[in-house]
Amino acid sequence: MTHGFHPRRPRRTTLAALTAGALAAAAAAAGPVTGLVDEDPLESPKPALSPAPPAPVAPAAPVEPSPGRYSPVRYRDSRALGVPSAGLLVRGTRLPARGALFATWDPILRRTPNRRWRRHGTDDLVRMLIAVARRYAVREPGELPMLIGDLSRPRGGDFGVAYGIVGHSTHQNGLDADVYYPRTDRRLSAPRTAAQVDRRLAQRLVDLFVAAGAEKVLVGPNLDLRGPPGVVVPYPNHDNHLHVRIPG
Ligand SMILES: [Zn+2]
């Protein structure tokens, strides 16, 4: 089951193939651009077939993205206060529900996407997640997008049992994120057991987070995932996801 999330290959489109109207529609539909935009250029309107029909009227910029279109990341100058186990998040940056190269997973409802109030981090954390998702897609073409779980709440603070999960003793100041290991059966959902984890792809993710500058990558003790000692650390209850922490 693919859930329709296969990364798509770039579709070659020449500017000449686009009518002026289609370009205007694309510009209007793209909406405001703030900072790095995690948009899918493949979601732009298709070029008109020849003979070109009358130029469409450019629609008003949508408030919410239409189905199939990805929200831009609205980066804010975020600040992590305190420590991950007792902290707050100021001006948190929200990870979009999904992007061209990543999806989000709600570990309580066991569905994608994750709820928005569980997807806030510092701007640096969101940048790292998206950068690693892109590098993963480059290194592992044809694989499903990276599946991201909880970050922090919009203003940080406690993210423990009251919010549905046992094990989030941290995730309080926007520096932590969970990323689910790819599954051997290529389903875009969280593995339930270590046996469902594709260890080669899981190691790829670990390597990419280390290379991107992660401070810690907690990994499942039953997966034999490797990395620099003190950075990649086996930790209980991490056999279906890795936990990445960035420097504060
Ligand atoms: Zn975690």
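In table form, for the structure just shown:
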{"quantity": "Matching residues, region 218-245, being aliphatic (A, V, I, L, M) and farther than 22 Å from D106 by Cβ", "calculated": "L223, L225, V231, V232, V233"}
{"quantity": "Filtered residues of region 159-176 (kept if more than 12 Å from the ligand (Cβ to nearest atom), modelled with pLDDT of 95 or more and closer than 13 Å to R118 by Cβ)", "calculated": "G174"}
{"quantity": "D176, sole failed condition from (1) among the charged types (D, E, K, R); (2) surrounded by fewer than 18 Cβ atoms within 10 Å (Cβ to Cβ); (3) closer than 16 Å to H238 by Cβ", "calculated": "(2)"}
{"quantity": "The one condition in (1) more than 16 Å from the chain's Cα centre (by Cα); (2) among the acidic types (D, E); (3) part of a helix (DSSP H, G or I) that D124 fails to fulfil", "calculated": "(1)"}
{"quantity": "Within region 108-147, tally of residues that are within 15 Å of the ligand (Cβ to nearest atom) and touching an Asp or Glu at 6+ places or on another chain (Cβ under 7 Å)", "calculated": "2"}
{"quantity": "Matching option when the condition is surrounded by fewer than 22 Cβ atoms within 10 Å (Cβ to Cβ) and in contact (Cβ under 8 Å) with a residue 12 or more places away in the chain, among R155, R200", "calculated": "R155"}
{"quantity": "Identity of the residue in region 127-175, farther than 20 Å from A211 by Cα and of a type in the set (K, R), that ends up farthest from the chain's Cα centre (by Cα)", "calculated": "R155"}
{"quantity": "Candidates A194, A190, A211, filtered to the one that is away from the ligand (no atom under 14 Å from the Cβ), of a type in the set (G, A, S), surrounded by 15 or more Cβ atoms within 10 Å (Cβ to Cβ) and at pLDDT 95 or above", "calculated": "A194"}
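The values are calculated or read from the model by the stated rules, or taken from the named source; none is laboratory data. Note that the coordinates shown come from a computational prediction; the quantities given were computed from them, not determined experimentally. Note that we place each Cβ from the backbone using ideal geometry, even for glycine, and neighbour counts take in every protein chain shown.
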